[in-house]
There are 2 protein chains.
Amino acid sequence: MLIGAGAPVVWAAQTDAPAPAKSSNIKVSAFASGLENPWGMQFLPDGRLLVTERPGRLRYIAKDGRLSAPIAGVPDVAAVNQGGLLDVLLAPDFEKTGTIYLSYGEPREDGTNSTAVARAKLVADGDTGRLEDLKVIFRQEPSADSGHHFGSRLVWGKDGTLFITTGDRNKLRPEAQNPANTVGKIVRINADGSIPADNPKLPGWAPEVWSIGHRSVQGAAIRPDNGKLYTLEHGPRGGDELNHPEAGKNYGWPIITYGKEYIGGSIGEGTAKEGLEQPVYYWVPSIAVSNLAFYDGDLFPEWKGNALVGGLAGTRVERLVLNGDDVVAAEVLLEDQGKRIRDVRQGPDGAIWLLADDTGEVLRVTPAEAAPKPE
Amino acid sequence: MLIGAGAPVVWAAQTDAPAPAKSSNIKVSAFASGLENPWGMQFLPDGRLLVTERPGRLRYIAKDGRLSAPIAGVPDVAAVNQGGLLDVLLAPDFEKTGTIYLSYGEPREDGTNSTAVARAKLVADGDTGRLEDLKVIFRQEPSADSGHHFGSRLVWGKDGTLFITTGDRNKLRPEAQNPANTVGKIVRINADGSIPADNPKLPGWAPEVWSIGHRSVQGAAIRPDNGKLYTLEHGPRGGDELNHPEAGKNYGWPIITYGKEYIGGSIGEGTAKEGLEQPVYYWVPSIAVSNLAFYDGDLFPEWKGNALVGGLAGTRVERLVLNGDDVVAAEVLLEDQGKRIRDVRQGPDGAIWLLADDTGEVLRVTPAEAAPKPE
């Protein structure tokens, strides 16, 4: 078959320069502002948001974006450097029980601190609320006199167990390889703090440890298509990682890393070693990864299944298209906004919701064309 | 083992915001300027460059960056839209014979044009040169009355065969699936234009066809660690692809694509279909990929084995870290320069050399710290 000269043009011609070529056509609006270092958020069944502020406050945000007064009864936190009140998670039976979970840097009497997780009952109190029956269900051991590498995201596994991501506290770096403690680990416990029967419990492993060799894991999400845990780990100067932590495995920090010391010089033994897991994807230089969400909404139908990765220093959301654990495409979004993205969630409205650490905003990302407002 | 409070700090603390976090520490300098739509370049053994300009000129660039007068004897080209004088390649025995290869849009007497490849002897002529014994060794058939989708990179396979990448001319889109012609194909011939004995030659396939189902392939390079061909293909609105074209395979255009029509609407049958190959990596939205180089120099030791991908509308070089055909990390470089990158090559000095289509420059990229000058 030969199509000769003068055949009708049935397709619009490509030029080398389709515009706009650099970014998907999206819109960002500030849903709320006035927060101080917001860290974690959850959508409540009544349409409000629950947001943590690192200095130690938990607030409702109403459907019109107004902040409530701080919720009473939040535990004391070590609000030093990266520490403070960190993530928030609703219990699966929240509608019935009002139970929420908080992660935070917990101060100790000896002046040290560590990552802790508490659960409590959230009770309405006028336009705000209070926490009752607060109980600490996890304490990272050992503690350290440090303001760094607390982790700590909270996410429910498909089986109702609770994943807690921790960090190496920087000062305790070698402990990330010591399976007998919870420094630099992914931890898995039951909703009441007890130990799941099917945790790895390898010889020498603390019973709550799921995987070892992590530096500071600030992002965690369950991937819808395989039900598995994926995490984001802060590297040092370079070497941020997307991991798929599996039970009983060693993710290598600080023996292997794609990063370098801030003060110069290499770390560990290189980038790969037998018996140590490789990341699914990594960033050199670092974008300072925060949290991630797997998108499965209807507002961005072409993004279903994509991982949306927040970046702090990288001031972006990076959209990764995955085929199994192979990243087959990536797009940098919102870098021009210049905002430090601390949390990334999909809202019940199908929009992408972000917390901006530096500007204290809750941002809502929708297609530029048109999008329904949240109810 | 427990490291208590007051343990000495032996590592510099991470902050969330290492600076600079957004890009590797590199420097770009303009080595030469004053070119009009430069398209392809080659490094000559004497240290000069040979550069094509799409309107139909071939020039030397001296070691001090000065452009020579145009080299005489270049064939007439169809310098319309994306067409014109395109790639240049040195014969493996160039030092002995002076033989070079050129790809270009060749005008036909009936007003149509098509991609052609000629070889000729480059002979010195004062400060410039002339081509002698020019012979056309490949002509894409059928031709079309079109200014689009000419391909066309030239690269030597490890076995000394010549890969020529073509395009679908936009008007001949369905022909990309017709293996009997050379529209939208990767072509493989010998250095003299004859057909290699081990070409696929599947039933119904033209003997010079290596793989089918391509849209417009502007990038081609042999990957050092496996000796295989990798190509970059322009998608429509979205769907630029990095491919690893293997003999006798079908890369799907226009049956499957991650792109969309410029005039709106979908193309073909979706993004995947049995019997059609998936890209190694793709870009949605498009960055308008041009050429790529696999880096194996010493100036950027950490980038060895990485693919460096040029972007026109995306005004960037994208650095991809590959583990087999799995992209495990990506970094966008030079986007702030805002220049349309048409060609990416590694120089004999280990620097990364670029052609900027819009500014008419030859750019040289080196580490910011220090770098030897080219001799």
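The values are calculated or read from the model by the stated rules, or taken from the named source; none is laboratory data. In this text, all values refer to a predicted model and were calculated from it rather than measured experimentally. Glycine also receives a Cβ, built like all others from the backbone with ideal geometry; neighbour counts cover every protein chain displayed.
Listing for the model above:
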| read-out | value |
| --- | --- |
| Failed item in (1) among the hydroxyl-bearing types (Ser, Thr, Tyr); (2) over 26 Å from residue A:71 (Cβ atoms); (3) within 14 Å of another protein chain (Cβ to nearest Cβ), with residue A:161 passing the rest | (3) |
| Of all residues making up segment B:46-66, the number that are farther than 14 Å from residue B:33 by Cα and assigned to a strand (DSSP E or B) | 2 |
| Entirely in segment B:67-178, the strands (runs of 3 or more DSSP E) that have 2 or more residues that are of a type in the set (Phe, Trp, Tyr) | B:99-107 |
| Residue match in segment B:273-287 (condition: part of a strand (DSSP E or B), hydrophobic (A, V, I, L, M, F, W, C) and within 26 Å of residue B:152 (Cβ to Cβ)) | yes |
| All positions within segment B:264-293 that are of a type in the set (A, V, I, L, M, F, W, C) and in contact with a strand residue (DSSP E or B) (Cβ under 9 Å, 6 or more places away or on another chain) | B:267, B:276, B:280, B:283, B:284, B:287, B:288, B:289, B:292, B:293 |
| Selected residue [facing chain A (nearest Cβ under 9 Å) and in a strand (DSSP E or B)] from B:344, B:328 | B:328 |
| Some residue of segment A:26-40 being modelled with pLDDT of 95 or more, out of contact with any helix residue (DSSP H, G or I) (no Cβ under 8 Å at 6 or more places or on another chain), within 22 Å of residue A:220 (Cα to Cα) and away from every other protein chain (no Cβ under 14 Å) | yes |
| Some residue of segment A:220-240 being among the acidic types (Asp, Glu), in a strand (DSSP E or B) and over 17 Å from residue A:199 (Cβ atoms) | yes |
| Subset of segment A:208-245 that is over 19 Å from residue A:154 (Cβ atoms) and surrounded by fewer than 17 Cβ atoms within 10 Å (Cβ to Cβ) - its residue that is nearest to the other protein chains (Cβ to nearest Cβ) | A:225 |
| Single unsatisfied condition, residue A:186 versus (1) among the aliphatic types (A, V, I, L, M); (2) in a loop (DSSP other than H, G, I, E, B); (3) in contact (Cβ under 8 Å) with a residue 12 or more places away in the chain | (2) |
| Residues of segment B:44-80 that turn out to be touching a Ser or Thr at 6+ places or on another chain (Cβ under 8 Å) and either closer than 22 Å to residue B:217 by Cα or not small (Gly, Ala, Ser) (or both), as a count | 6 |
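Residue-wise test of (1) assigned to a loop (DSSP other than H, G, I, E, B); (2) modelled with pLDDT of 95 or more; (3) more than 22 Å from residue A:89 (Cβ to Cβ).
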| residue | (1), (2), (3) |
| --- | --- |
| A:182 | yes, yes, no |
| A:210 | no, yes, no |
| A:217 | no, yes, no |
| A:271 | yes, no, yes |
